[in-house]
Amino acid sequence: MTLRTPIEGTDYKMVHTNKGRRYFFHIPTKRSHWTVPEDIKDIVALLDQMEEEEKVQEQEREEQEREAKRRRIEEDKKLIEEDQYARANCLTIVF
């Protein structure tokens, strides 16, 4: 699916193709540019930086989730081991 995103404050849309490439579409002239046009370089650089920061934050969230899951598994293993130990060492009193 091709993703078209208007670039706020400009007459351009940033288009991401199915193959992972991007180009810039100038709406009034209906011209496409495979390189960033000079008049929007600053805003595109800012958008790229924001996108990169979002990716880093997402990776950090995923790592935190993996770590939390690993800790839960370790805690569960410890509880199971403690339960097995208690059962193995439990005295049965028969009257």
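Data table
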read-out: Segment 11-35 - residue that is over 17 Å from Glu51 (Cα atoms) and in contact with a His (Cβ under 9 Å, 6 or more places away or on another chain) and, of those, surrounded by the fewest Cβ atoms within 10 Å (Cβ to Cβ); value: Ser32
read-out: Among the candidates Glu65, Glu54, residue that is assigned to a helix (DSSP H, G or I) and more than 19 Å from Pro6 (Cβ to Cβ); value: Glu65
read-out: Members of segment 70-95 that are modelled with pLDDT of 75 or more and either on the phi > 0 side of the Ramachandran plot or not in a helix (DSSP H, G or I) (or both); value: Asn89
read-out: Hey, Val15 in contact (Cβ under 8 Å) with a residue 12 or more places away in the chain and not in a strand (DSSP E or B) or not; value: no
read-out: Tally, over segment 36-55, of residues that are loosely packed, with under 11 Cβ neighbours inside 10 Å and not hydrophobic (A, V, I, L, M, F, W, C); value: 8
read-out: Positions within segment 18-51 being more than 19 Å from Thr2 (Cβ to Cβ), assigned to a loop (DSSP other than H, G, I, E, B) and of a type in the set (S, T, N, Q), in sequence order; value: Thr29
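The values are calculated or read from the model by the stated rules, or taken from the named source; none is laboratory data. A quick note: this is a predicted structure, and the numbers were derived from the prediction, not measured. Positions of Cβ are backbone-derived with ideal geometry, glycine not excepted, and every protein chain shown enters the neighbour counts.
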